[in-house]
Amino acid sequence: MKKSFLQFAVIAITIGVIVTSCGPSKKLVESRSRVDRLQNDSASTHSQLNDCNTLVKNLNNEKVFLQSENDAAQKNLKAINTQSKMTIADQAIRLQNLQNLIQSQKDVMNKLKNSIAGALMNYSADELSVTIKDGNVYVSMQEKLLFKSGSDVVDPKGKEALGKLAMVLNNTKDINVLIEGHTDNVPIKTNKYKDNWDLSTARATSIVRVLTKDNSFNPNRITAAGKGSFHPVQPNETVEGRAANRRTEVILSPDLKELFKILDQ
């Protein structure tokens, strides 16, 4: 009986050992699970660490950029402060220089207007007028003084008036001259002129030739332009209005180089 019990115990122990050796123990499973968790935690920590390193790098780059911007702003501020130290006195002088130059130009243009009006005093008001507008002198010559209807050939009386005008201009320095031809709105189409643009431009060019070739005015100081019928001074609905619009304007403007020099300082 004892022998049978002993054999049974041996068999039971053997089976227990076999069963134990064939499968993992509970502690082993727990250990493995813990290792897996630790590995996952380690991977997550490494990922977070990489994110932190990237953030630190970006912050450093932004710091460098902001420092560069700050240095540039400080440099500009320093330059402004340097300039501001000299603005009060210097700007007062600059303003006075501008005022003196502007007044001087006004005086020159008024004197020029009076000289031209005196030189052309023998012509009637319906033939020409001399005015000042926006700092420029306008000598407006009507068609009846300068041209036959539909022609760009300057009449003798017109040449005489232009010669007197040229004498004043040749004695006036630092003046630029613009010749503008104007027509009424009645269409024109001939073998020579396609439209009023052609006629107005041709008339302006004829005036330029009389002033430069016949009266030795400096061609570098003069410009010709045709305005057609698009800048009327009177309504074109009446005979008188259309006659007023058929004109050639000699526009005299001061040379502004000295003014720009002061403004650029």
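Residues considered: Ile188, Ile222, Ile179. Of these, the only one that is within 23 Å of Ser115 (Cα to Cα), crowded, with 17+ Cβ neighbours inside 10 Å and touching a Leu at 6+ places or on another chain (Cβ under 7 Å) is Ile222. For the stretch 97-128, the set of residues classified as over 14 Å from Lys164 (Cα atoms) and either among the basic types (Lys, Arg) or more than 34 Å from the chain's Cα centre (by Cα) (or both) consists of Lys106, Lys111, Ser124, Ala125, Asp126, Glu127, listed by residue number.
Looking only at residues in the stretch 226-257 that are of a type in the set (Lys, Arg) and in contact with a helix residue (DSSP H, G or I) (Cβ under 9 Å, 6 or more places away or on another chain), which one is surrounded by the fewest Cβ atoms within 10 Å (Cβ to Cβ)? Restricting to residues being of a type in the set (Lys, Arg) and in contact with a helix residue (DSSP H, G or I) (Cβ under 9 Å, 6 or more places away or on another chain), the top hit is Lys227.
A single member of Thr20, Thr54 is β-branched (Val, Ile, Thr) and modelled with pLDDT of 70 or more, and it is Thr54. For Ile207, state whether it is in a helix (DSSP H, G or I) and in the same structural domain as Val233 (by TED's automatic domain parsing). Here the answer is yes, as Ile207 does meet what is asked. Here the stretch 243-265 is the region considered, the condition is being out of contact with any Pro (no Cβ under 9 Å at 6 or more places or on another chain) and assigned to a helix (DSSP H, G or I), and the residue that is modelled with the highest pLDDT is Ala243.
Annotation note: of Asn176, Asn110, Asn171, the sole residue that is modelled with pLDDT under 95, more than 21 Å from Val208 (Cβ to Cβ), of a type in the set (S, T, N, Q) and assigned by TED's automatic domain parsing to the domain that holds Val250 is Asn110.
The values are calculated or read from the model by the stated rules, or taken from the named source; none is laboratory data. In this text the structure is predicted, and so the values were computed from the model without any measurement. Because the Cβ atoms are built from the backbone with ideal geometry, glycine has one as well, and the counts that use them run over all protein chains shown.
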